[in-house]
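The values are calculated or read from the model by the stated rules, or taken from the named source; none is laboratory data. Computed from a predicted structure; not experimentally measured. Positions of Cβ are generated from backbone atoms using ideal geometry, with glycine treated the same way; all protein chains shown enter the neighbour counts. When the accessible area is computed, the model is the full protein with side chains, heavy atoms only, and any ligands, DNA or RNA have been set aside. Shrake-Rupley method; radii C 1.70, N 1.55, O 1.52, S 1.80 Å.
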Amino acid sequence: MKGSVIIVGAGIIGAACARTLSRRGLDVTIVDAGASAGATSSSGEGNLLVSDKGPGAELELAQHSLRLWRTLAPTLESEIGRDFPSVEFERKGGIVAALDAQQSQALDLFADAQRRAGVDAQRLSADEARYLEPELSPAISSGVYYPEDAQVQPTIAAEAFLASARAAGTRVLVNTVVTGPLIDADGKLAGVVTSSGNLAADDVVVAAGPWAGEVAQVLGGTLSVGPRKGFLLVTSRMPRRIFHKVYDADYVGAVGSDNHDLQTSTVIESTASGTVLIGSSRQNVGFDSGLDVAALRKIAAKAVRLMPFLLETSVIRAYCGFRPFARDHVPVIGPDPAVPGLWYAAGHEGAGIGLAPATAEMLASLMLGESPAVAAAPFAPGRAPLADSLARTT
Amino acid sequence: MKTVLIIGAGPAGLAAAAAAREGGARVVLLDSAEDVGGQYWRHLPATRPARNESLLHHGWSTFRSLRERLEGDELCEIVTWAHVWAIEDRNIHVLVGEPDGTNRDARVYNAAAVVMATGAYDRTLPIPGWELPGVFTAGGAQALAKGERIAVGHRVVVGGAGPFLLPVAESLVVAGSTVVGVYEASHARRLLGTWTTRPWELARTASKVTEMLGYVSNHVRHRIPYVTGRAVTAIQGADRVESVTVSAIDRSWAPIAGTQKTIDVDAVCLGHGFTPRLELPIAAGCRVNARRFIEVDEDQRTSVAGVFAAGEITGIGGVDLALAEGAIAGHVAAGGAASDMQMRQHRVRRRRFRQFAARIESAHGIGENWSKWLTDETIICRCEEVSFGRLNSVAEASQATGLRSLKLLTRAGLGICQGRVCGRSVEELLGAHVPGGRLIDGVSSDRRPIATPIRLGELAQELDNPAHLERTNTK
Amino acid sequence: MGTYRVAAQIDSIAPEPATVITISVDGVAVDGLLGQTLAGVMLGSDIMAWRNTSFGDQPRGLFCGIGICFECLVVVNGQRDVRACQRRAASGDQIEFHRDLPVHVEDAESEGPS
């Protein structure tokens, strides 16, 4: 045995970490305050994207994670059996559509930079974009095609990681709230105190999504990760008319924005069951999960502008979820700078489904003293932008 | 002048509207149907008058007088075809226009007091073959008979539990169908025990007992064979119903081996109880009690200030209880109190009929082993065609313990009905896989923030025309 | 066998004469009475199924009759997702059956979301 670890949070990040660490020989226990995959992991589209990321560390992590995803679907199946529902991995590709000359210009510049960073980003004329995606509005001015963008069903993916972890020996404790650190005689972190008793371990990983900041604080650490609310609309089932992930060009700007007011950027796609998912909004309003009709209206208005046939489709459901976001919009992966034995895998905002495999791999490398495949320094919990933002907010 | 907004124009909503007007408030009464009356007083459209329509109804004169009084009152605005699709704090978002239309009139109401009177619908347990054309909910068959003069079949079996099965059978016979049998799951001894141990309570609810035991008029009573301790446990047919299997069941509703009997029919009507329509009160923030009804106090107040609830959403009790609760809710919403003198008779009736409701639940409540009649192939979620075997294998393979995750793993309850039909059955069947017997995440299939489908264009249009948006009625 | 409209001349409620309307159901003319729902018109002519399911390709028609279950969806004058039990029939309505492209689970597994 190489040691024991407690992972706090049974969403996709915690489950992916549990799977990797278990399979690397660690004794893993995963705890969750509620049920598995019950929050952010079951509230989103299941995006595995490069299209929305500009050059930089997160893009590198996303590119690496996408490579891992391509082999994961069959691997997971062999680990958990064919009876388990398919994670619905599909390399469907993404199309970003610009709606005027100014957007076209900005999009082209963005795509140029992405191409230099190794992203397959193909410029499309308006006609070419509408050939690939016939329901796009005739009003679009140009587009960019990202063949690497892919999709999974996020809840099934999270549960599949968890089932694989369980098969490799991970213990899963649901309905278990972490209430404090377990401190040994030397004053060091030696596990967690929970609503179901004490759990001892050599290391503790906080993977609690939007609650990661709160859990870090409970355990004596410092992590600036909080919730960013989002809505997603689901239509009734229909014959398939959308073949890629389709975005408007506002999407890129929104992810990195610090604006706390309601923002929306359009993402439209079909799912395996025949429904269409239409996202999404971003708001910094804490953990208020109340319905926000203004947000739904704004999502709808932008979606019908991009794909006018959606005017007559029926919205049957809205998902509300909280993206876990770090102040500098970059995931936090690595050790707490001040508390030995406390680790983070958090702050993935809207990209956690895509980044889960690479996050798990990076965390395992760091915990086992290996050199990660992607440089870990930009994700370090003690990095300067996070420390600065913390200083600003406290 | 205070405005009382009432959602639902069945017995509870109509009574609330009348009492609120009596109390001096202005009333806005919303209903998604084309006319008032609710499911209980579902009737023929104005284009199809019939001299003896009252033959199809109980309490028809009560309905007629409530409707006439409200329709003739200019301070009572009745808005039919009003589809409440979302409630956001105190804003009630409504689309007014034909059902499932594409360009309905968007309104937002924000009233000082709101009475929720959204009613209930049949709870139908999954049965092998229940997805075949020719299988109807008991309430659906009755709605067709009362609102359309459509008979669901020539040879019909009615199965399930509760006194409501009898008026359904009666409406079928009056429409000319042969009712081959009414199969009540409860056992005769349990029924007799419950209905007659306290005869003095029954005496006070005489009208109800008449409805339950003597409901069926003499001339058709002999044409309705009523059998207890039996259930429809399978339905057969190629592309429509051809026969049913009826089995004797034990007190837990588990079928007893060797008792199956096959009966040729062309229609089956099923009703195993009722599910309250809770999505709007839940969206308004109203607390749900352990029995999964809206919690109300003596004044019919919910846990949310200014929001009242009446009728089946506070407990399944029938029309008399709904009328009494509605009257009290409307009166208090208008500014009165349940203890006021003029509410006395309603308080008395409410107390009596709540006892009656408790008797129905204890006599006809769903047995814990009903799932024994399911097979691996039985469809549980009709929208997404999720089978019992699939639910079980996914629950076992994932060991997931939360409804949210299990719904997304199995797709059960994710279809366009949003779990209205299968939700509670799915919760129960999946809960059986979890230690403790219930799912742990506290997620309820009764919660539907989008309460009825809205076209994306209708949602988008509201933003384009903000002037259209705030047709607000405030205090 | 199957569903039918109670004939006015034998109906004990003594209906007064009603206006006949005609709608087109999957290309076939079907008569009903003004004020009936689309479901009422179809059931009155013993049309009991007007939709096939996406996964199992199974026939479905009316189940709950009160707008709860959404089993009775039809395409009305080109508009999808209309509950036949809720929508009043108007003379000349063109009803098409809801025929979604069947979703095959195997396809979904091999191609991912489809």
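Residue pairs, Cβ under 9 Å, 6 or more apart or interchain, first in segment A:187-201 and over 11 Å from A:Val31 (Cβ atoms), second hydrophobic (A, V, I, L, M, F, W, C) and surrounded by fewer than 12 Cβ atoms within 10 Å (Cβ to Cβ). List them. Correct list of pairs: empty, since none qualify. Residues in segment C:3-38 that are more than 10 Å from chain B (Cβ to nearest Cβ), outside any strand (DSSP E or B) and of a type in the set (Asp, Glu): C:Asp26 alone. In segment B:91-101 there is no residue that is in a loop (DSSP other than H, G, I, E, B), farther than 23 Å from A:Leu310 by Cα and not aromatic (Phe, Trp, Tyr).
Looking at segment C:62-103 only, could you name the residues that are at the interface with chain B (Cβ under 10 Å from one of its Cβ atoms) and among the basic types (Lys, Arg)? Once the filter is applied, which keeps residues that are at the interface with chain B (Cβ under 10 Å from one of its Cβ atoms) and among the basic types (Lys, Arg), segment C:62-103 yields C:Arg80, C:Arg83, C:Arg87, C:Arg88. Checking B:Trp41, B:Trp85 one by one, the residue that is part of a strand (DSSP E or B), open to solvent by less than 10 Å² (accessible area, probe 1.4 Å) and either in contact with a helix residue (DSSP H, G or I) (Cβ under 8 Å, 6 or more places away or on another chain) or in contact (Cβ under 8 Å) with a residue 60 or more places away in the chain (or both) is B:Trp85 and no other.
Within segment B:88-122, being touching a Leu at 6+ places or on another chain (Cβ under 8 Å), among the acidic types (Asp, Glu) and buried (at least 22 other Cβ atoms within 10 Å of the Cβ) holds for one residue alone: B:Asp122.
State whether the residues of segment B:367-388 include one that is at the interface with another protein chain (Cβ under 7 Å from one of its Cβ atoms), open to solvent by 20 Å² or more (accessible area, probe 1.4 Å) and of a type in the set (Lys, Arg). Among the residues of segment B:367-388, not one is at the interface with another protein chain (Cβ under 7 Å from one of its Cβ atoms), open to solvent by 20 Å² or more (accessible area, probe 1.4 Å) and of a type in the set (Lys, Arg), which makes the answer no.
The listed residues are A:Pro372, A:Pro385, and the only one of them that is open to solvent by 20 Å² or more (accessible area, probe 1.4 Å) and at pLDDT below 95 turns out to be A:Pro385. Within segment A:160-188, being surrounded by fewer than 19 Cβ atoms within 10 Å (Cβ to Cβ) and outside any strand (DSSP E or B) holds for A:Ala167, A:Ala168, A:Gly169, A:Asn175, A:Val177, A:Asp184, A:Ala185, A:Asp186, A:Gly187, A:Lys188. The residues of segment B:372-385 that are in contact (Cβ under 8 Å) with a residue 40 or more places away in the chain and in contact with a helix residue (DSSP H, G or I) (Cβ under 6 Å, 6 or more places away or on another chain), listed by number, are B:Leu374, B:Thr378, B:Ile380.
Here segment A:204-229 is the region considered, the condition is being open to solvent by less than 10 Å² (accessible area, probe 1.4 Å) and either in a strand (DSSP E or B) or among the hydroxyl-bearing types (Ser, Thr, Tyr) (or both), and the residue that is farthest from A:Trp343 (Cα to Cα) is A:Lys229.
If we keep just the residues of segment A:278-292 that are aliphatic (A, V, I, L, M) and surrounded by fewer than 23 Cβ atoms within 10 Å (Cβ to Cβ), which is farthest from the other protein chains (Cβ to nearest Cβ)? Don't jump to the end; show me each part of the working.
Pass one, segment A:278-292, residues aliphatic (A, V, I, L, M): A:278, A:285, A:291.
Filter again for surrounded by fewer than 23 Cβ atoms within 10 Å (Cβ to Cβ), leaving A:285, A:291.
Numbers: A:Val285: 14, A:Leu291: 5 Å.
This residue is A:Val285.
Say whether the condition of being in contact (Cβ under 8 Å) with a residue 40 or more places away in the chain, in contact with a Phe, Trp or Tyr (Cβ under 8 Å, 6 or more places away or on another chain) and buried (at least 21 other Cβ atoms within 10 Å of the Cβ) is met by at least one residue in segment B:398-409. So that I can check it myself, show each step before the final result.
Here is the first cut: in segment B:398-409, the ones in contact (Cβ under 8 Å) with a residue 40 or more places away in the chain are B:401-403.
Still in the list and also in contact with a Phe, Trp or Tyr (Cβ under 8 Å, 6 or more places away or on another chain): none.
The answer is no; no qualifying residue exists.
Residues checked against (1) closer than 30 Å to B:Trp253 by Cα; (2) β-branched (Val, Ile, Thr); (3) within 10 Å of another protein chain (Cβ to nearest Cβ):
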| position | (1), (2), (3) |
| --- | --- |
| B:Thr80 | no, yes, no |
| B:Val94 | no, yes, no |
| B:Asn110 | no, no, no |
| B:Val115 | no, yes, no |
| B:Ala141 | yes, no, yes |
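Among the residues of segment C:39-61, those that are more than 7 Å from chain B (Cβ to nearest Cβ) and crowded, with 24+ Cβ neighbours inside 10 Å comprise C:Ala39, C:Val41, C:Met42, C:Trp50. Within segment B:58-77, one or more residues are more than 14 Å from chain C (Cβ to nearest Cβ), in a strand (DSSP E or B) and surrounded by 15 or more Cβ atoms within 10 Å (Cβ to Cβ). Within segment B:1-34, the only residue that satisfies the criterion of being part of a loop (DSSP other than H, G, I, E, B) and of a type in the set (Lys, Arg) is B:Lys2.
Sort out which residues of segment A:336-362 are assigned to a helix (DSSP H, G or I) and within 23 Å of A:Ile183 (Cβ to Cβ), and write them in order of number. Spell out the reasoning first.
Taking segment A:336-362 as the starting set, the residues that turn out to be assigned to a helix (DSSP H, G or I) are A:349-362.
None - no residue of segment A:336-362 is assigned to a helix (DSSP H, G or I) and within 23 Å of A:Ile183 (Cβ to Cβ), so the list stays empty.
Quick one: is A:Ser4 touching a residue at least 24 places away in the same chain (Cβ under 8 Å) and within 11 Å of another protein chain (Cβ to nearest Cβ)?
Numbers: touching a residue at least 24 places away in the same chain (Cβ under 8 Å): yes; within 11 Å of another protein chain (Cβ to nearest Cβ): no.
The answer is no for A:Ser4.
Filtering A:Gly14, A:Gly56 for residues that are open to solvent by 20 Å² or more (accessible area, probe 1.4 Å), closer than 20 Å to A:Ala373 by Cα, away from chain C (no Cβ under 14 Å) and under 22 Å from the mean Cα position of the chain (by Cα) leaves a single hit, A:Gly56. The single condition from (1) facing another protein chain (nearest Cβ under 10 Å); (2) crowded, with 24+ Cβ neighbours inside 10 Å; (3) more than 30 Å from A:Val276 (Cα to Cα) that B:Gly436 fails is (2). Check A:Gln151 against each of (1) closer than 21 Å to A:Leu61 by Cβ; (2) surrounded by fewer than 24 Cβ atoms within 10 Å (Cβ to Cβ); (3) not basic (Lys, Arg) and name the one condition it does not meet. Here A:Gln151 meets the rest and fails (2).
Give all pairs with beta carbons closer than 6 Å in which a residue from segment A:305-331 that is more than 7 Å from every other protein chain (Cβ to nearest Cβ) meets a residue that is part of a helix (DSSP H, G or I) and surrounded by fewer than 21 Cβ atoms within 10 Å (Cβ to Cβ); count only pairs at least 6 apart in sequence or on separate chains. Listed by first residue and then by second, the contacts come to A:Arg327/A:Ser389; A:Asp328/A:Pro385.
Matching residues to (1) open to solvent by 10 Å² or more (accessible area, probe 1.4 Å); (2) at pLDDT below 95:
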| residue | (1), (2) |
| --- | --- |
| A:Arg317 | yes, no |
| A:His329 | yes, yes |
| A:Gly334 | no, no |
| A:Pro340 | yes, no |
| A:Tyr344 | no, no |
| A:Gly347 | no, no |
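Which of the residues spanning segment B:389-398 are at the interface with another protein chain (Cβ under 7 Å from one of its Cβ atoms) and of a type outside the set (Ser, Thr, Tyr)? Listed by number, the residues that qualify are B:Val394, B:Ala397. Filtered by the rule that a residue be at pLDDT below 90, within 24 Å of A:Ala150 (Cα to Cα) and either of a type in the set (Asp, Glu) or part of a helix (DSSP H, G or I) (or both), segment A:251-296 gives A:Tyr251, A:Val252, A:Gly253, A:Ala254, A:Val255.
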